[in-house]
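I have a structure here, written as structure tokens, and I will follow up with some questions on it.
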Amino acid sequence: MRVYNFSAGPSMLPLEVLEQAQRDFVDYQGCGMSVTEMSHRSKQYDEIHSECLSLFRELMQIPDNYRILLVQGGASQQFDAIPLNMLTGTGRADYIVTGNFAKKAYQAAKALNVGDIHLAATSEDKTYTYIPAQADLRDDTDYVYITQNNTIFGTRWTKLPRLKSGVLVSDVSSNILGEQIDVSRYGVLYAGAQKNVAPAGVTIVIVREDLITDGVAGCPTMLRWKTQAEADSLYNTPPCFSIYMAMLNLRYLKKLGGIREMQKINEYKSALLYDFIDNSGFYTNAVNPQDRSLMNVPFVTPSKELDAEFVKQATQHGLLSIKGHKLVGGMRASIYNAMPVEGVRALIAFMQKFQSENK
Ligand SMILES: *Cc1c(COP(=O)(O)O)cnc(C)c1O
């Protein structure tokens, strides 16, 4: 039996995608072997790799002067790769810290000691429940860094910061493919796969061509974007199965009508949940209303004891992994692309029942 899985990541994939992978698993399209067994230099794999890249380009409308890199190491590895590849001009970067992952990226950049890393704004004062309206951005940076959707705290950028210098770099790990993004407004966008794209393994880095350089002195070969850019992301063995699953998921998204359609569904799903929470008189979501994420919805009941009871009973009702992150407590419903509207309705029905039994 399938459950409604509200995990923040790895998270749900569309059933149709899983079933296709299951049909293909042992014998991929009559070639007598699994994608997990085949050479990454084979014709079959090459087709998967190219189709994955071209579907990303088509669905995200990625302009021709951007390269799409498929790398490993997770989103976290890009916390290091970004400064190592980008601090090649003035050697300065501004970071806007809107959550735990942004803070980690900021700290990683500082720790490398390859440039002047500046904290331009943070919303830590109110446990990251809002996106700062102002930032102390400098006029001589190589880049400005943001996290577009804050997975743990449930906020997102809806209006991008106005830059004084440099290019915008954004971590879109938890909202890629979930809402439309105008790629041309960024220098670099990147995302780990396991929230909205595929099983963990591949990390997608979308980078404007002129930003692909040798990086700072001593930049390791495997962190240098140029290494994979010059080899079409086949410099070494890529995470083939994750890329194959991404391809299937992108095909599915295309059939559904693309990101525009997906965003409408995500707006509908999240509005159902936020409206219910706001009108319940029992549950609360602490996030500044205009900064609310479409993907991650944290909420609490009136007490910690009830929160714990909620998580326990939700699990018994087939609503899984709804416990909040340890930094926030309470609950968090991650409602990525693959969470059907019925899953959100089932959650709301359970929330109503729980409220009536516990208020
Ligand atoms: C999950 C997540 C990360 C970390 O991703 P890994 O692939 O585990 O390194 C980074 N940033 C954001 C916004 C995330 O949601």
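The values are calculated or read from the model by the stated rules, or taken from the named source; none is laboratory data. What you are looking at is a predicted structure, and each value in this text was computed from that prediction instead of being measured. Positions of Cβ are generated from backbone atoms using ideal geometry, with glycine treated the same way; all protein chains shown enter the neighbour counts.
Name the single residue, out of those in the range 139-180 being aliphatic (A, V, I, L, M) and within 14 Å of the ligand (Cβ to nearest atom), that is nearest to Q107 (Cα to Cα).
For the range 139-180, the residue satisfying everything is I146.
Could you please tell me which pairs satisfy a Cβ distance under 6 Å, a separation of 6+ or placement on different chains, a first residue in the range 102-127 that is part of a helix (DSSP H, G or I), and a second residue that is modelled with pLDDT of 95 or more and more than 16 Å from the ligand (Cβ to nearest atom)?
From residues that are part of a helix (DSSP H, G or I), the pairs are A109/I117; K110/I117.
So which residues in the range 181-206 are within 16 Å of the ligand (Cβ to nearest atom) and in a loop (DSSP other than H, G, I, E, B), if there are any at all?
Result: I181, Y186, A193, Q194, K195, N196, V197, A198, P199, A200, G201, V202.
Does the range 153-172 hold any residues that are in a strand (DSSP E or B) and under 19 Å from L294 (Cβ atoms), and which are they?
Once the filter is applied, which keeps residues that are in a strand (DSSP E or B) and under 19 Å from L294 (Cβ atoms), the range 153-172 yields T155, R156, S170, D171.
For the range 320-342, state whether one or more residues are more than 30 Å from Q20 (Cβ to Cβ), in contact with an Asp or Glu (Cβ under 6 Å, 6 or more places away or on another chain) and surrounded by 18 or more Cβ atoms within 10 Å (Cβ to Cβ).
Step one: filter the range 320-342 for residues more than 30 Å from Q20 (Cβ to Cβ), giving 323-331.
Adding the requirement that they be in contact with an Asp or Glu (Cβ under 6 Å, 6 or more places away or on another chain) leaves 330.
Subset that is surrounded by 18 or more Cβ atoms within 10 Å (Cβ to Cβ): 330.
Looking for residues that are more than 30 Å from Q20 (Cβ to Cβ), in contact with an Asp or Glu (Cβ under 6 Å, 6 or more places away or on another chain) and surrounded by 18 or more Cβ atoms within 10 Å (Cβ to Cβ), one finds at least one in the range 320-342, hence yes.
Turning to a different aspect of this structure: Out of the residues in the range 98-111 meeting the condition of being crowded, with 17+ Cβ neighbours inside 10 Å and more than 25 Å from F6 (Cα to Cα), tell me which one is nearest to the ligand (Cβ to nearest atom).
Result: A105.
What are the pairs with Cβ atoms under 7 angstrom where one residue, in the range 133-151, is free of Cβ contacts under 8 Å to residues at least 40 places away in the same chain and the other, located anywhere, is away from the ligand (no atom under 16 Å from the Cβ)? Sequence gap at least six, or different chains.
Final answer for the pair search is Q134/A121; D139/K164; D139/S165.
Would you mention how many residues in the range 4-52 are exposed (fewer than 12 other Cβ atoms within 10 Å of the Cβ), of a type in the set (V, I, T) and not in a loop (DSSP other than H, G, I, E, B)?
Going through the range 4-52 one residue at a time, the tally reaches 0.
Report yes if some residue within the range 28-43 is more than 16 Å from the ligand (Cβ to nearest atom) and among the acidic types (D, E); otherwise report no.
Restricting attention to the range 28-43, the residues satisfying the condition of being more than 16 Å from the ligand (Cβ to nearest atom) are 28-43.
Imposing the further condition that a residue be among the acidic types (D, E) reduces the set to 37.
Yes, the range 28-43 contains at least one residue that is more than 16 Å from the ligand (Cβ to nearest atom) and among the acidic types (D, E).
Then there is this: Where in the range 224-311 are there helices (runs of 4 or more DSSP H), lying fully within it, with 3 or more residues that are surrounded by 21 or more Cβ atoms within 10 Å (Cβ to Cβ) and modelled with pLDDT under 95?
Helices (runs of 4 or more DSSP H) meeting the threshold: none at all.
Out of (1) assigned to a helix (DSSP H, G or I); (2) closer than 22 Å to Q194 by Cβ; (3) of a type outside the set (K, R), the odd one out for V328 is which?
Only one criterion is unmet by V328, namely (1).
I would also like to ask the following. Test Y336 against the stated conditions and say whether it is in contact (Cβ under 8 Å) with a residue 40 or more places away in the chain, among the aromatic types (F, W, Y), in a helix (DSSP H, G or I) and closer than 29 Å to F56 by Cβ.
Judged against the criteria, Y336 is not a match.
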